[in-house]
Amino acid sequence: MSYIIDRRLNGKKKSTVNRQRFLRRYKAHIKKAVGEAMNSRSITDMEKGERISIPTRDIREPVFSHGPGGRVERVLPGNKEFVAGDRVPRQGQQEGGGGGGGNASDSGEGMDDFVFQISQEEFLDFMFEGLQLPNMIKRRLTGNDAFQVVRAGISNEGTPGRLNVVRSLRAANARRIALTSSKRRNLRELEIELAQEEAKDPALRDQRKLEQLRGKIEELRRRIDRVPYLDDFDLKYNLLVRQPRPRSRAVMFCLMDVSGSMNQATKDMAKRFFLLLYLFLRRSYEYTEVVFIRHHTSAKEVDEEEFFYSRETGGTIVSSALKLMRRIMRERYPASEWNIYGAQASDGDNWNDDSSTCHKILIDDIMPYVQYYSYVEITPRDHQALWEEYERVRELFPNHFAMEQIVDVSDIYPVFRQLFSQKVPA
Amino acid sequence: MLDTYTTGADASESDSSGPISTTSEWTFELIQKYDRAIAELADEFGLDTYPNQIEVISSEQMMDAYSSVGMPVGYHHWSFGKQFINIENNYQRGLMGLAYEIVINSNPCIAYLMEENTMTMQALVIAHACYGHNSFFKNNYLFRSWTDASSIIDYLIFAKNYIASCEERYGLDEVEAVLDSCHALMNYGVDRYKRPYPISAVEEERRQKEREEYRQRQLNDLWRTIPKSGTGEEESEEQRFPEEPQENILYFIEKNAPLLENWQRELVRIVRKLAQYFYPQRQTQVMNEGWATFWHYTLLSELYRRGRVTDGFMMEFLQSHTNVIYQPPFDSPYYNGINPYTLGFAIFSDLRRICENPTEEDRQWFPDIAGSNWKETLQFAMRDFKDESFILQFLSPKVMRDLKLFSITDDDRESEILVSAIHDEDGYRELRATLAGQYNLGNREPNIQVYSVDTRGDRSLTLHHTQHWRRPLGKDTGEVLKHLHRLWGFDVHLHSLNGDEITASYHCPEIGRDRSDSEEESMLVPKPI
């Protein structure tokens with residue numbers, strides 16, 4: 001007797017756990033590969049999956065086995081010209097693998113690395129693992145988007161899925177008792193009467209009375225039975241209500257210098273940096289708003305599309321961007337409600353006396369209100385006035401201000417990790 | 001007799017004559033019909049099987065089943081994930097086709113059919129797995145005495161749950177470390193010469209508690225540190241522990257490792273029990289595959305002879321069949337050892353020929369079976385042998401000639417390889433013995449046994465490797481010792497012996513380093529638990 005079962009629908013992705021275990025074990029290798037991939041990718045396919053290659057020796061599961069040497073006897077198939085007693089010179093590699101020789105590769109080459117593909121999801125996980133926006137501490141009730149469903153007792157209305165069986169049956173039972181109590185009392189009395197009547201000597205029995213009693217009892221029983229076992233209004237449902245939950249709201253200001261002094265390569269690096277930041281925010285902080293500001297001599301708030309793809313350019317006045325940021329902060333993002341972040345990228349080239357203005361705006365109007373401000377300077381040259389002014393800002397706000405320098409593309413990802421790595425709160 | 005069957009029996013069923021199907025599409029109904037037709041034939045041929053549970057699965061599920069080494073319910077471990085990725089890669093790149101089937105030695109016998117297969121392939125798999133392998137599992141002596149088909153699924157579930165609960169309680173890393181180490185020693189978790197109790201989940205759970213207490217007592221006894229009065233040199237010589245060398249290293253660890261927690265011992269036990277479950281399969285590869293291949297060939301050919309399948313069906317079947325039993329010659333780039341399907345199928349087919357049409361040579365070589373009833377002879381050959389003895393007993397000169405077998409001796413003291421025997425009158429016996437020896441697990445795996453424990457001193461564990469024809473240990477030895485060291489918790493030494501002479505020694509932690517050095521080194525050596 002055979003049973004035939006269609007199992008195609010269940011048990012999909014059964015090996016997911018094992019795959020995760022595997023990825024977990026080789027995290028170090030994968031992270032390295034992800035870091036390298038970030039450097040070599042073009043700006044448009046930053047978030048695809050990646051081929052990961054792990055040296056076979058790191059992934060081997062060792063067992064006791066025989067090594068080469070000693071005397072080995074083997075039987076091989078497909079003899080063509082040998083007769084017993086022939087002697088064959090030993091070649092560089094032994095003929096065939098066969099027998100107990102283990103995995104001697106017969107082509108004489110070493111084994112390749114263990115190569116596999118990780119998905120986009122897994123790639124991003126590894127890319128942003130251990131990163132966070134620092135100092136995200138302000139929480140507020142935002143109104144209508146963060147809820148938590150909690151139980152709130154029992155109600156008379158609801159969907160069948162939330163039916164509370166115990167309470168419903170208890171209500172039904174109570175109703176049945178209430179609706180039938182007087183009838184059952186009557187019934188009991190009549191039954192006693194009937195019993196008394198029947199206990200009498202047969203000759204003395206009042207047949208009419210007996211019949212009457214039996215009829216009444218019958219009638220009462222029928223009426224008791226007619227009370228429904230379960231009625232509509234017995235049904236009780238578990239009541240769930242949604243409670244709003246306080247959530248932190250954050251906004252990230254992205255300030256990018258697009259002045260004429262930035263050549264194509266530096267602009268590209270700045271864009272890469274912000275793209276990384278943008279991916280990170282979109283992935284890890286669903287409810288974070290991003291404000292894009294680009295500036296040359298004047299600053300302008302733009303949308304995502306324009307920020308990354310517009311080609312407009314001009315001279316450089318960095319403070320224009322800071323002023324715009326200050327204005328937007330005041331108008332739309334009161335510091336009491338928002339966790340505010342700033343990220344600025346520039347080549348450090350600024351209009352002569354503008355750098356001190358930047359310093360002043362930062363210290364007076366921006367740094368007191370933001371959670372974290374990061375500045376990356378993309379230049380292979382020496383630092384100029386702006387960097388020096390910013391260094392003084394860092395001295396004043398060591399926990400909330402960070403600055404790094406990017407020289408070429410391969411610095412971007414490490415610097416990014418540096419700026420947003422998870423910090424243990426002091 | 002066969003003819004009367006086709007005309008007489010089953011006349012009531014209207015579809016009992018003529019082809020069962022004519023297209024390559026399969027449906028559940030058709031699978032059922034084929035299964036029934038094959039079952040009837042199998043019954044006629046006297047195959048004794050467990051009930052079948054045929055499961056249709058997708059290719060992804062097949063890769064799953066594949067990567068968990070055929071355990072339908074596997075515990076979680078990274079190595080299965082690695083295996084899955086490997087298989088997925090190869091499959092997607094078209095480097096390998098998936099196995100047509102996987103069959104589990106359980107009762108009912110579970111066989112997986114892939115949904116991508118054509119009807120012909122499904123029928124082939126049913127014949128191969130559900131009647132070939134199935135009857136082998138049920139009747140071969142190794143399977144009968146080493147595994148309990150009715151309880152394996154329960155046991156696997158028990159193991160999975162137990163390991164999951166350990167992970168919750170002690171952390172993934174801890175559990176993974178123990179499992180890694182156990183896997184490294186899995187091939188040394190079997191008593192070769194003692195018949196074990198079949199495993200059972202209920203029993204396991206019941207006895208788990210009992211074992212915990214017992215072990216603790218036993219351990220305390222072994223490691224008692226109170227010195228006895230008047231200990232002399234000769235006494236320590238007398239009280240060697242273990243008294244006899246132990247081949248079952250995992251068992252020895254489970255019972256005697258001084259530092260393991262109880263749950264860790266349970267993990268060792270689970271891996272050991274699984275090793276035991278798979279042990280017969282490793283010992284009967286040629287027979288098992290040969291038997292199943294012989295029967296799918298015989299059963300489907302018989303179906304064809306009776307007109308139940310079409311010519312097209314037969315062409316497709318024969319193509320798959322010849323692929324399965326293709327043996328590349330030794331100098332082919334595709335050569336990867338002797339194909340167990342080929343060898344097993346050749347021997348079983350030739351056995352049938354010897355029974356039905358014996359030649360003079362057969363009468364001389366197999367006086368007992370030449371001309372006997374082939375069904376009984378094959379059943380006998382299947383029941384009471386394992387690969388080694390099966391080849392030694394039944395490999396006929398004709399098969400050796402057909403496969404053009406020859407044996408070589410590769411001695412590292414000689415400059416050339418010697419062709420020691422070929423498929424001729426002088427060589428048959430030697431060839432047969434050599435080939436049989438090749439399937440002796442004892443020859444294939446290094447013979448390593450627990451030799452002694454320094455119970456009074458540094459608690460170090462010493463193992464001996466007894467060399468077979470001076471064959472040394474492979475390059476992984478040091479790595480495996482690290483795993484052993486992790487389980488044992490104290491120093492581990494392994495001596496490789498040629499006769500009485502130690503030719504190589506391995507130590508973990510490695511000797512010749514300062515203790516302070518080994519502190520730093522401990523990043524590389526797995527930490528003892």
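Values quoted throughout were computed directly from the atomic coordinates according to the rules given, and no laboratory measurement underlies them. Predicted, not measured: the structure shown is a model, and the values here were computed from it. No Cβ is skipped: glycine too gets one built from the backbone with ideal geometry, and neighbour counts run over all protein chains shown.
How much net charge surrounds residue A:300 when only the other residues with a Cβ under 10 Å from the Cβ of residue A:300 are counted, with Lys and Arg +1 and Asp and Glu -1?
Values: positive: A:294; negative: A:301, A:306, A:312.
Neighbourhood net charge equals -2.
Residue by residue along B:399-411, Cβ atoms of other protein chains within 10 Å of the local Cβ number 6 on average. Shielding value for B:470-483 is 5, the average number of Cβ atoms from other chains within 10 Å of each residue's Cβ.
Judged by the mean number of other Cβ atoms found within 10 Å, the most tightly packed of the peptides B:429-438, A:397-406 leads the ranking B:429-438, A:397-406.
Specify whether the C-alpha gyration tensor of the protein assembly as shown places it in the rounded, prolate or oblate class, a ≥ b ≥ c being the square roots of the eigenvalues: rounded for a/c under 1.5, otherwise prolate if a/b is larger than b/c and oblate if not. Spell out each step's value before the answer.
Working: a/c = 1.81, a/b = 1.16, b/c = 1.56.
Oblate shape, in that a/c is at least 1.5 and b/c is the bigger or equal ratio.
Rg/Rh for region B:277-427 (Cα atoms only, Rh after Kirkwood) is 1.01. Ordering B:359, B:400, B:336 by Cα displacement along the dipole of region B:329-443 toward the positive end leaves B:359 in first place; charges were set at the Cβ atoms of Lys, Arg (+1) and Asp, Glu (-1). Structure note, pairs A:31/B:273; A:27/B:482; B:82/B:138: Cα-Cα distances above 25 angstrom occur for A:31/B:273; B:82/B:138. With all pairs of different C-alpha atoms in the average, the Kirkwood value for the hydrodynamic radius of region A:160-239 is 15.0 Å.
Based on the Kirkwood approach, the hydrodynamic radius assigned to chain A is 30.3 Å, with every pair of different Cα atoms included. Structural size metrics of region A:247-420, computed from C-alpha coordinates, are Rg and Dmax of 14.7, 43 Å. Projected onto their three principal axes, the Cα atoms of region B:440-499 cover extents of 35, 23, 17 Å, largest first.
If you find the alpha carbon centre of region B:381-453 and of region B:317-340, how far apart are they in angstrom? If we compute the Cα centre of each part, the gap is 19 Å. Nearest 0.05, what FRET efficiency do residue B:511 and residue B:240 give at R0 = 30 Å with Cβ-Cβ as r? Result of the calculation: an efficiency of 0.85.
Rounded to the nearest whole Hz, the Karplus-based 3J(HN,Hα) values (6.51 cos²θ - 1.76 cosθ + 1.60, θ = phi - 60°) of region A:271-277 follow the sequence 4, 4, 4, 5, 5, 4, 4, with x at glycine and proline.
Structural descriptor for chain A: relative contact order 16 percent, calculated from alpha carbon pairs under 8 angstrom and at least 6 residues apart.
The order of B:355, A:358, going from fewest to most other C-beta atoms within 10 Å of their C-beta, is B:355, A:358. Neighbour counts of C-beta atoms inside 10 Å place B:310, B:503, A:316 in the sequence B:503, B:310, A:316, starting with the fewest.
Out of every Cα-Cα pair in region A:184-339, what percent are more than 28 Å apart? Could the numbers behind the result be given before it?
Working: 6915 of 12090 pairs.
Here the tail beyond 28 Å accounts for 57 percent of pairs.
Between residue A:327 and residue A:201, the contour length at 0.36 nm per residue exceeds the alpha carbon distance by 34.5 nm.
Please report the net charge: other residues with Cβ closer than 15 Å to the Cβ of residue B:387, K and R +1, D and E -1. Present the calculation step by step, with values, prior to reporting the outcome.
Details: positive: B:192, B:282, B:383, B:386, B:432, B:444; negative: B:289, B:384, B:388, B:445.
Result for the neighbourhood of residue B:387: +2.
In this simple spin-label model, placing a label point 7 Å from the Cα along the Cα-to-Cβ direction at both residue B:315 and residue B:372 gives a separation of 4.2 nm. Applying the criteria of a DSSP loop state and at most 14 other Cβ atoms within 10 Å to the trypsin sites (Lys or Arg not before Pro) of region B:366-417 yields B:413. Placing a pseudo-label 7 Å from each Cα along the Cα-to-Cβ vector at residue A:163 and residue A:177 gives an inter-label distance of 2.3 nm.
The mean number of partner chain beta-carbon atoms within 10 angstrom of a residue's beta-carbon across peptide B:334-346 is 3.
Note on residue B:27 and residue B:92: with the Förster distance fixed at 35 Å, the Cβ-Cβ geometry gives a FRET efficiency of about 0.80.
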